[in-house]
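Below is one structure, written out as C-alpha cells; the observations come after it.
Rule-based calculations on the coordinates, nothing more; no lab input. All of these numbers come straight from a predicted model, not from anything done at the bench. Cβ placement follows ideal geometry from the backbone for every residue including glycine, while neighbour counts extend to all protein chains displayed.
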Amino acid sequence: MTNIKDLAQMAGVSVATVSRVINHHPYVSEEKRQAVLEAIESSNYQQNINAVHLSKGKTRLLGVVLPFSDHPYFALLLKGIANEALAHNYKLVLFQTSYMESREIEALQMLRQKQIDALIFCSRSCDWSTIEEYLSFGPIVFCENMTGKPVSSTYVNHYDVFFKALNLLYHQGHMQIGYCIGRRQGTNSRGRALAYTDFLNQYDLPYRLDYIIDECLYFEDGAKVVKQIKQMSSPPTALLVTSDQVAAGIMTCCQKEGIEIPDDLALIGFDNQPIAGMMDITTIEIPHLEIGKNLFLQALNGWEKAHQEVSATFIERSTTN
C-alpha cells in the first residue's frame, strides 16, 4: 500500500508537505498541493484511519454495553444514545452481552486498548471490583445509581418508584402483592427487592417467595406468570411487572383463563411502551430517550463526574382499581 513517504517521492515534496495537504493545512503552495493531490489520485492512496486516531488521541467511537438489543427498554435507551451520537458525529460500537461477564470484559478491554473513547453500561453483570480496574483507561458511564463511585451515571430511583407503586396497590385494598422481574441481580433489581421487603415490613405483611417471579422479559413470558399464579393456593391479587410487554402478555393470558383484570388481578407495568397505551395498562413511564441522551453527554464529557436522577411518572389506567 502507498504510504506518505511514497506520496512525497512521487510529488517531489517533503513528507511534511504531504501531511499538510492531507490534513487541509492552509500554508502550502498551490503548485505543491496539486502535485500531492495528483500523486494521491494516481496511487489510489487511502489514509490509515487507525493511525490518524492514534495521533489525535480520539477514535470518535463510543461503546455501548447492553444485554439485549431486541428488548424495548434497552432499544429505547440505545435510541436516545444513538440520536445524540449522530448529532455529535460519533459512531457506536455495540456489545450485546446476554449478561455474560466475558462479553462485558471484552468491551472494557477495547477501552483499555484505546479502540473506543468511552463506554456506557446500560446494564451489567460484572462486579464493581472488575470495572474499577479499567477506570484509568477512559470514561465509563452507568445507567444505574453509582453515587459515591468515581464514575458518572444517569438513573431512575427504582427503590422509590417501586415503593410508591406498592403503596398505591395497598391503599386500593391489595395485601397480596407480588412482582415480576427480568433478573434478581443488579443494582436496580436489588433496589426493587429492598423496596418490596421494606413495604411488607411497614404493613406487617408476610413475605412470599413464590410471589416473586423472575426471568420475565418478553410478551410470551406472561403465559409463564399466569401458569405459576394459577398453581398457587393463595395467589397474589396484584402484580408489579417491570416490563409492559410482560404485563400485556399476562393480561392476554388472563383473558383466556377467565381471570378478571383488575378485579381478580391488578397490574402495573413499567416503561409506558405503546402496547401499554393500546391495552390500557397502568404503568410507570421511564424517560428512556432523555436517559440515553444524558448517558452519551456524560461519556462525551469524559472525566467530569456527575450523577443525575431522572424522574418516573405514574400513569393510571384500567388495570388497577
*Taking all pairs of distinct alpha-carbon atoms in the chain, Kirkwood radius in angstrom*: 22.5 Å
*For the stretch 1-132, what is the Kirkwood estimate of the hydrodynamic radius, computed as the reciprocal of the mean inverse distance between distinct Cα atoms, to one decimal in Å?*
17.6 Å
*Points 7 angstrom from Cα along the Cβ direction at Gln228 and Asp198: gap in nanometres?*
2.4 nm
*About the Cα centre of the chain, what is the dipole size in debye to 20, counting +1 per Lys and Arg Cβ and -1 per Asp and Glu Cβ, all else neutral?*
940 debye
*asked:* Between Arg112, Arg208, Arg60, where does the largest GNM mean-square fluctuation fall for the chain, given springs only between Cα atoms within less than 10 Å?
replied: Arg208
*Rank Val13, Val241, Val93 by mean-square fluctuation in a GNM of the chain with C-alpha springs under 10 angstrom and give only the top-ranked residue.*
Val13
*How high is the FRET efficiency from Met100 to Val15, r the C-beta distance, R0 51 Å, rounded to 0.05?*
0.65
*Out of Gly222, Ser311, Ala107, whose Cα points farthest toward the positive end of the dipole of the chain (charges: +1 Lys, Arg; -1 Asp, Glu; placed on Cβ)?*
Ala107
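Ranked highest first by the average count of other Cβ atoms within 10 Å around their residues, in what order do 155-164, 262-271, 168-177, 225-234 fall?
In decreasing order of mean packing, 155-164, 262-271, 168-177, 225-234 become 262-271, 155-164, 168-177, 225-234.
Once the convex hull of the C-alpha atoms of the stretch 4-47 is built, how many Å³ does it hold per residue, rounded to a whole number?
Cα-based convex hull of the stretch 4-47, divided per residue, equals 58 Å³.
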*Any idea which of Leu86, Gly12, Ile286 is furthest toward the positive side of the dipole for the chain, if Lys and Arg beta-carbons carry +1 and Asp and Glu beta-carbons -1?*
Gly12
_Output the 0 to 90 degree angle, nearest 10, between the alpha-carbon long axis of helix 72-87 and the longest principal axis computed from the alpha carbons of the chain._
30 degrees
*Whole-Å semi-axes of the stretch 158-285's equivalent ellipsoid, largest first, each the root of 5 times a Cα gyration tensor eigenvalue?*
20, 17, 14
